[in-house]
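Enquirer: Sharing a structure here in C-alpha cells format.
The values are calculated or read from the model by the stated rules, or taken from the named source; none is laboratory data. Nothing here was measured: the structure is a model prediction, and the numbers come from that model. Backbone-built Cβ (ideal geometry, glycine too); neighbour counts: all protein chains shown.
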Amino acid sequence: MLIISPIPAFNDNYIWMFHAPDSQDVFVVDPGDARPVEEVLSRHGFNLAGILITHHHFDHTGGISELTRNRNIPVYGPDNRNINGITHTLRDNDTVKLSNCQFEIMATPGHTLDHIAYFTDSGDDENPALFCGDTLFVGGCGRLFEGTAEQMYSSLSRLASLPDNTRIYCAHEYTQANLKFARAVEPNNQKLQEQAMQVAELCSENRPTVPSTLRTELDTNPFLRSDQPEVIQAASDRDPSSGANPVDVLRVIRAWKDNF
C-alpha cells in the first residue's frame, strides 16, 4: 500500500509523491520544478529516496538536477539519452520495487516516442495505481507531438486493459477543458454529464480532479471510446472519411481537440 499525494507545480502540473505508510522515504514522479518538492520535503520531514520520469518534456524533468545535486538517489526513466540525470534506464515490461511495491513499466508512445508509465497493483487504499504522465488524462489524452495515432491507440488500449479500479495519476489538471470537449463528442453520455458536474464542484473548491479511475475513463473519455457508436459518428461528422476504424476515429478527434 502507498500514500500518494499531489504536489502542484507551474500552472497545471502535478508532481506525484508516494511513500509507504510507515516510512518517511518518498519518491516523486515527473518533478518539472524542484522548488515545490523541496518545500514539501522540508515541511513534512520527508527524505527524497528517488525520482521517476515518464518522458523527456522539460515540465517533467526540469527539477532533476537540483533535486539530485546533494543527494545520491536513483533516477528512473525511459531510454532517452537526452534526459540528463537518469541513473536507471527502464524499458517495456521491466519491473522495479519502490516503497515495498512492485511497479511494472509500460511503454506508452504517442505523446512522445520515449513515454513510459508506471503501474502497481498496490497503490492508495490497496487500489492499483498508474502514473501515466501525459499519455492518458482525465477525460483526454496527450497531444501527438512525436508519435502517431496508431501508437497512441495501442498505448491507450493497453492502459484500458488494466483493472477497472486502477487510479489514474496523470500529470496535468486539464479535466474541465477535457470534459468540455468530451461533451461535444458525446452530448448524450449521461455518465459524462454527471462527471462534469462533480468536476465543476471540485474546481469551485480549488481541489484536484485527479486521480480518476479507469472505470470512469472507460465510461466517459472519448479517446478510450473510439470504438463506440456515438464517438464514431462524431468523428464521421467531423471528417466523413474517418470511417469506423478506431485508430482513424482517434486521429480525427485528437485533431479536433487540438483546435477545440
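Enquirer: Being in a loop (DSSP other than H, G, I, E, B), among the polar types (S, T, N, Q), surrounded by 14 or more Cβ atoms within 10 Å (Cβ to Cβ) and modelled with pLDDT of 95 or more is the requirement here; does Ser242 meet it?
Expert: Spelling it out, it is not the case that Ser242 is in a loop (DSSP other than H, G, I, E, B), among the polar types (S, T, N, Q), surrounded by 14 or more Cβ atoms within 10 Å (Cβ to Cβ) and modelled with pLDDT of 95 or more.
Enquirer: Okay, next question. Note down all Cβ pairs under 8 Å where the first residue falls in the stretch 192-213 and is within 18 Å of Cys170 (Cα to Cα), the second is of a type in the set (D, E, K, R) and part of a strand (DSSP E or B), and they're at least six residues apart or on different chains.
Expert: If the second residue must be of a type in the set (D, E, K, R) and part of a strand (DSSP E or B), the pairs left are Pro211/Arg167; Ser212/Arg167; Thr213/Arg167.
Enquirer: I'd like to verify a number: residues in the stretch 161-217 that are within 14 Å of Phe137 (Cβ to Cβ) and surrounded by 14 or more Cβ atoms within 10 Å (Cβ to Cβ), how many?
Expert: Here the count works out to 26.
Enquirer: Which numbered condition trips up Ile15, out of (1) within 19 Å of Phe119 (Cα to Cα); (2) touching a Ser or Thr at 6+ places or on another chain (Cβ under 9 Å); (3) of a type in the set (A, V, I, L, M)?
Expert: Unmet for Ile15, out of (1) within 19 Å of Phe119 (Cα to Cα); (2) touching a Ser or Thr at 6+ places or on another chain (Cβ under 9 Å); (3) of a type in the set (A, V, I, L, M): (2).
Enquirer: So, one more: Is it the case, given these coordinates, that Pro222 is surrounded by fewer than 19 Cβ atoms within 10 Å (Cβ to Cβ) and farther than 23 Å from Pro8 by Cβ?
Expert: When the stated conditions are applied, Pro222 does not pass them.
Enquirer: Is there any pair with a first residue in the stretch 176-188 that is assigned to a loop (DSSP other than H, G, I, E, B) and a second that is among the aliphatic types (A, V, I, L, M) whose Cβ atoms are under 8 Å apart and which are 6 or more apart or on different chains, and what are they?
Expert: Final answer for the pair search is Glu186/Leu192; Glu186/Val231; Glu186/Ala234.
Enquirer: Okay, next question. Considering each residue of the stretch 49-76, count those that are out of contact with any helix residue (DSSP H, G or I) (no Cβ under 7 Å at 6 or more places or on another chain) and either within 14 Å of Ala171 (Cβ to Cβ) or basic (Lys, Arg) (or both), and give that number.
Expert: Of the residues in the stretch 49-76, 11 are out of contact with any helix residue (DSSP H, G or I) (no Cβ under 7 Å at 6 or more places or on another chain) and either within 14 Å of Ala171 (Cβ to Cβ) or basic (Lys, Arg) (or both).
Enquirer: A further question on this structure: For Gly32, state whether it is modelled with pLDDT of 95 or more and in contact with a Pro (Cβ under 6 Å, 6 or more places away or on another chain).
Expert: In short, no.
Enquirer: I'd like the full set of residues that are touching an Asp or Glu at 6+ places or on another chain (Cβ under 7 Å) and of a type in the set (Ser, Thr, Tyr), limited to the stretch 143-200.
Expert: The answer is Tyr174, and nothing else.
Enquirer: Test Arg251 against the criterion of being of a type in the set (D, E, K, R), in contact with an Asp or Glu (Cβ under 7 Å, 6 or more places away or on another chain), within 30 Å of Leu52 (Cα to Cα) and modelled with pLDDT of 95 or more, and give yes or no.
Expert: Criteria not met by Arg251.
Enquirer: Can you report the number of residues in the stretch 51-74 which are more than 19 Å from the chain's Cα centre (by Cα) and outside any helix (DSSP H, G or I)?
Expert: Qualifying residue count, the stretch 51-74: 6.
Enquirer: Sticking with this one: When you go through Glu217, Glu230 one by one, which is the residue that is in contact (Cβ under 8 Å) with a residue 12 or more places away in the chain, among the acidic types (Asp, Glu), assigned to a helix (DSSP H, G or I) and touching a strand residue (DSSP E or B) at 6+ places or on another chain (Cβ under 9 Å)? Quick ask: steps written out before the conclusion?
Expert: Working: Glu230 fails: touching a strand residue (DSSP E or B) at 6+ places or on another chain (Cβ under 9 Å).
The unique qualifying residue is Glu217.
Enquirer: Next up: So if I check each of His56, His44, which one is touching a residue at least 40 places away in the same chain (Cβ under 8 Å) and either surrounded by fewer than 21 Cβ atoms within 10 Å (Cβ to Cβ) or not hydrophobic (A, V, I, L, M, F, W, C) (or both)?
Expert: Result of the check over His56, His44: His56.
Enquirer: Which residue pairs have Cβ atoms under 7 Å apart, sit 6 or more places apart or on different chains, and have a first residue in the stretch 75-101 that is outside any loop (DSSP other than H, G, I, E, B) and a second that is among the charged types (D, E, K, R)?
Expert: Pairs that qualify, where the first residue is outside any loop (DSSP other than H, G, I, E, B) and the partner is among the charged types (D, E, K, R), are Pro78/Asp114; Thr89/Asp79; Thr95/Glu104.
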